[in-house]
Amino acid sequence: MIDEEIQVNLKSEVGSTCNCLQACTSIEYDAETSQATYDWEKQMMAYQENMSDPDLLNSVFSRLTIYYKDAQFITSHRSELYGLADFLAGCGGLLGLTSGFSILSLVEIIYYLTLRLCNNYSQEKENKRNDTENDKSDKAKV
């Protein structure tokens, strides 16, 4: 049986064109095979069967018994090695390491530029107001 199983596996691997990945969940059992002679005549006597039946005497019997070595089994669950968050964190870490730049630095630059623009705009507006007030006061003096 083992030789036949090996031959079947070899034939299926040679002609197989499937490049499929393994399943995400799988259960594997460690298999061991053994064999022994099967004394079916003694078993029939133990079951008190009629041994004089000609169909029974000319028959060939075999018996397959499956036992589990352990009561437990180990399952394996496959999942992605790197998710999207892990990928982004890795890229950000490499960028920060190589260029000394981070997303926080980008936020600080945007914050600084925004404050600078608002401050320049408000100072310019205040300067215009002061200029118009000075022009009015100069005209009032004359």
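Data for the structure
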item: Residue ID - modelled with the highest pLDDT, chosen from residues in the range 6-36 that are of a type in the set (V, I, T) and in a loop (DSSP other than H, G, I, E, B); result: T33
item: Scan of the range 37-68 for residues that are surrounded by 10 or more Cβ atoms within 10 Å (Cβ to Cβ), touching a residue at least 12 places away in the same chain (Cβ under 8 Å) and in a loop (DSSP other than H, G, I, E, B), ordered by number; result: Y38, F61
item: For I110: the one exception among (1) in a helix (DSSP H, G or I); (2) of a type in the set (V, I, T); (3) modelled with pLDDT under 85; result: (3)
item: Filtered residues of the range 45-69 (kept if modelled with pLDDT under 75 and either of a type in the set (A, V, I, L, M) or within 37 Å of the chain's Cα centre (by Cα) (or both)); result: M51, L56, L57
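The values are calculated or read from the model by the stated rules, or taken from the named source; none is laboratory data. As the structure is a computational prediction, the values presented were derived from the model and not from experiment. Heads up, the Cβs are rebuilt from the backbone with ideal geometry, glycines too, and the neighbour counts pull from every protein chain shown.
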